[in-house]
1. Tell me the net charge near B:Leu310. Cut-off is 14 Å between Cβ atoms, B:Leu310 excluded, with +1 for each Lys or Arg and -1 for each Asp or Glu.
2. Note the distances from B:Pro324 to each other copy's matching label point, with points 7 Å along the Cα-to-beta-carbon direction, in nm, sorted shortest first.
3. Can you tell me the 0 to 90 degree angle between the C-alpha axis of helix B:34-47 and the longest principal axis of chain B, rounded to 10?
4. Under 16 Å Cα to Cα from A:Lys231, which aspartates and glutamates show up? Leave out anything in the same chain fewer than 8 places away.
5. In terms of modelled amide H atoms, which long-range or inter-chain residues lie less than 5 Å from the amide H of A:Val148?
6. Provide an ascending nm list, one decimal, of label-point separations from A:Glu288 to the equivalent residue in each further copy; define each label point as 7 Å from Cα along Cα→Cβ.
7. Which aspartates and glutamates have a Cα less than 16 Å from the Cα of B:Lys271, not counting those fewer than 8 places away in the same chain?
8. Mind giving me the nanometre distance, one decimal, between the label points for B:Arg312 and B:Leu213, set 7 Å out from Cα along Cα→Cβ?
Number of protein chains: 2
Amino acid sequence: MEKKLPTIKEIARRLNISASTVSRALHDHPSIGLRTKMAVKKLAAELNYEPNQTAIFFKQRKTFTIGLVLPNLREEFFSAAINGIEDVALDHNYIVLIGQSHDDLAREQKLIESMKNHRVDGIIASISSSTTHIEHFEQMKNYDIPVVFFDRVPDAKDIHSVSCNLYDSSVEAVEWLIKKGHKRIGYLQGPPTLNMKNERLDGYMEAHKKHKLAVDESLIVSTDLTVDGTKKALDALLQLKKRPTAILSFNDYVTLDAIHYARQKKLTINKDICFVSYANVPVTQYVEYPPLASVEQFPYDQGVSATELLFRLIEKKTAGQEAPYENIVLKSELIIR
Amino acid sequence: MEKKLPTIKEIARRLNISASTVSRALHDHPSIGLRTKMAVKKLAAELNYEPNQTAIFFKQRKTFTIGLVLPNLREEFFSAAINGIEDVALDHNYIVLIGQSHDDLAREQKLIESMKNHRVDGIIASISSSTTHIEHFEQMKNYDIPVVFFDRVPDAKDIHSVSCNLYDSSVEAVEWLIKKGHKRIGYLQGPPTLNMKNERLDGYMEAHKKHKLAVDESLIVSTDLTVDGTKKALDALLQLKKRPTAILSFNDYVTLDAIHYARQKKLTINKDICFVSYANVPVTQYVEYPPLASVEQFPYDQGVSATELLFRLIEKKTAGQEAPYENIVLKSELIIR
DNA sequence: AAAATGTGGGCAATCGTTTGCGGAAAATAC
DNA sequence: GTATTTTCCGCAAACGATTGCCCACATTTT
């Protein structure tokens, strides 16, 4: 049942002209007479001719495909980012190859490899939490495949990136807590690989400094983003002689887990302890005890911005131009419930 | 800065042999002597040769890419399904092109068109809520691109599909409510396009019949899945003289919206009214008032099953065989909290 | 009438890889 | 020493579309 799709050759054969004439006719090339042009277009329409994209991809060395590698799709942050990415891609008549690393470096590498083989025109990535090096991304330079990082951006130079300014809003968040009377504020941070450029922590420090509060190192703990990791980290905070009364937490998902656990421990949320977080994912609207405030990171806008940057890079590449490294920083916003 | 990647021709030139020999050597073709084979492989390794996939795609008429079209990625149901799809695809050395229809028919059509142009080897789809016909999917037959529907399956014959048996668990869910003493049970259903094969309603009816309860048609309302649509539908139920004491609801997201709204209306959840739902998405763990029970639809398994089916179809296609239409039905399970 | 210009379209190469067929050299059989 | 079989490899076509170059004919210019 191998249906044969019509090709340029087929049209040429039927019309007794050459394939090149057909190609040019379909592209409205000026050197083709009106009569033949019409004849070609008519037959093409009749046969329902459509160019074989794989042939074109091959010839043009472009696939009109971008690769997207991110930790997971479960988090609403990432699925919102995809919306932005997909919208821009579709506008450019591009389509998106997707892969989830599930925070596993090996899988991330495999995905990058696979996307390279598929000759994507560019890659957008948010690195996994176990990504300790970015060789696999840097390799893409050898293949002339531009890479744009977003949100989870590795701490390296000579990369393109789009991210949110979390420093300012971290200062703001902690100041807000201080003004509400909190003096011992814990910081529940993410895994070390995601903290290389630790704007959250820097903001946390700065706010303490501004208000002449000493920082107690024991108030700073880490989670590997798993439920268990978060429990352990929270335990460490709760076992302190002087417990924190508020916690700044890596993101809303960690916070939900932390709150869940704190309640199991018979703590009263917003009385014994309260939380401020990052991401401001919509799902927190439905929960019983959401974080008191959360830093909106505009995932859709980040996605749009990253994709637009990528397309600029692709254009420059096509034109054979060199592009300077761009690191775009969007603003974030503390949303108080 | 156009780096030239090494090709088979390049290797052939350097070794003073023909390109065909290089190709065969790299594929361990038996008719190539050990000596030349080693030499080729050695040089290939040195040059860091990697086959140009676009050329292979073109030649083999395969792209090792599957297209995935679904309503959105926001719902954890779909993002979980993707995990299954991606895992199976990766095992087969395939990669996934993704597109969200956002429940818009035109966009769904555009995505299908785009995927066809990219010559995907097959398509997995969950239709949008505004999909009133499936011509765009049926067209794929002309291009020998198999299509497998999952979860949201159109009510048509001559299609491949994977879905959950919601009938049995709907009966079970409603019976469970009846046994808890509920006599007036509302049914908040989805938009008509998604109800063509209405297993939920059939189950609802059957349970009533089994327990000799009359069905009041006014207890059956529809939402278009938007927050507003859900509010209106719920209003219709709450305005009845004899309100329902329990509601069977299309899915967890609708349910969360409904519960949210019911609370605004000063109803006490699980006392004035309670909810049973579908999907059993993990996020309900965190919410204040989750549905009392929810039908687990095993999105990961559906994804796996759909992808495996698709690969069987792709194999048959490659072998030139005809494949019978398969409609796989997985079981679902009522999860009581 | 010869030359310059313009018009319409074909030839052949190209992209990188695969594959059917054929053929020379080497090994074996008689 | 000739005939037959193996072993090993090259030739060339093919996939479908694009494009630089050339050419034949018609039209206009001197």
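The values are calculated or read from the model by the stated rules, or taken from the named source; none is laboratory data. If you're wondering where the values come from, they're calculated on a predicted model, not measured in any experiment. Please note: Cβ atoms are built from the backbone with ideal geometry, for glycine as well, and neighbour counts cover all protein chains shown. Quick note on the areas: whole protein, heavy atoms, side chains included, nothing else; ligands and nucleic acids left out. Shrake-Rupley method; radii C 1.70, N 1.55, O 1.52, S 1.80 Å.
1. Every neighbour counted, the sum reads -4.
2. 6.7
3. Rounded to the nearest ten degrees, it is 60.
4. Qualifying aspartates and glutamates at Cα under 16 Å: A:Asp252, A:Asp257.
5. A:Ile123, A:Ile124, A:Ala125
6. From this label point to the equivalent ones elsewhere in the assembly: 1.0 nm.
7. Candidates past the 8-residue exclusion: B:Glu288.
8. In this crude label model, B:Arg312 to B:Leu213 measures out at 3.8 nm.
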